[in-house]
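Okay, structure first, notes after.
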Amino acid sequence: MERLATGERILNQAGVDNVEHMLKDANELDYRQLDSAGAVVNTSLTEMPDTDWFKNIPPGTLVVMQARNHNPDQQFSSVQDIERKFSLSQVLYSGGLDLQDPETEYTRFMVIGRK
């Protein structure tokens, strides 16, 4: 809950007031409540082995997905791995950024597109 509150505070300071902050199981959300300007953001692909959450998203919805390659046994070692697992009708951006935590170096991958 602390991270959710921090994100809300940062967006409020930036003047962003059209984000619904929630802590819920992504596999159980009813994404049909999104309007045409809505987006689904999932920054936890590495921790979510299933694709149920993605299957529930209506076609045409903007989707932002992130994963990291911090473990060689993980399912994502490139943006192409994300694109293969989650089929999008249109990819608007895909790329990676090399980063470093105190514990390890890793690449953070991001794909943005329309389902």
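Please treat every number below as a calculation from the coordinates, not as lab data. Quick caveat, the model's predicted, so the values are computed rather than measured. Neighbour counts run over all protein chains shown; Cβ positions are idealised from the backbone, glycine included.
Structure values in brief
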quantity: Range of Cα positions in the stretch 47-103 per principal axis (Å), largest first; calculated: 39, 23, 17
quantity: Within the stretch 76-115: backbone nitrogen closer than 15 Å to the L29 label point (7 Å, Cα to C-beta); calculated: 113, 115
quantity: Principal axis box of the stretch 2-114, alpha-carbon based, largest edge first, Å; calculated: 37, 33, 25
quantity: FRET efficiency for E105 and E83, using Cβ-Cβ distance with R0 set to 30 Å, rounded to 0.05; calculated: 0.80
